[in-house]
1. If you check ARG21 against the conditions, is it modelled with pLDDT of 90 or more, of a type in the set (D, E, K, R) and either surrounded by 10 or more Cβ atoms within 10 Å (Cβ to Cβ) or within 14 Å of the chain's Cα centre (by Cα) (or both)?
2. Can you name the number of the only condition in (1) part of a helix (DSSP H, G or I); (2) modelled with pLDDT under 85 that GLN65 fails?
Amino acid sequence: MAKLMISLPDGFVQEVDRRARAEHRSRSELIREALRAHLAPRGRRDAWRASLAPLRALEHLWVGQWDSTDVIRYYRDRRRGRQDRR
């Protein structure tokens, strides 16, 4: 595998590192994936964006509208009945 040396602004590197940590990946892995997506044939990138569009629309509707913990508790209690679990 070849190694490259590139120059990036410090703030950009910090953002790359934050994103990589959040996704439990290395900086190199994140940059490789970004370059693959950028260099992919145009039709392939457009197809990916079109596939994600419905999910992005739903994301805007759901963010902040419900608490997943409440949903889990609801189904847990419904299945087992409310009882002290300590």
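The values are calculated or read from the model by the stated rules, or taken from the named source; none is laboratory data. Note that the structure is predicted; figures quoted are calculated from it, not measured. Glycine also receives a Cβ, built like all others from the backbone with ideal geometry; neighbour counts cover every protein chain displayed.
1. Working: modelled with pLDDT of 90 or more: yes; of a type in the set (D, E, K, R): yes; either surrounded by 10 or more Cβ atoms within 10 Å (Cβ to Cβ) or within 14 Å of the chain's Cα centre (by Cα) (or both): yes.
Answer is yes for this residue.
2. It is condition (1) that GLN65 fails.
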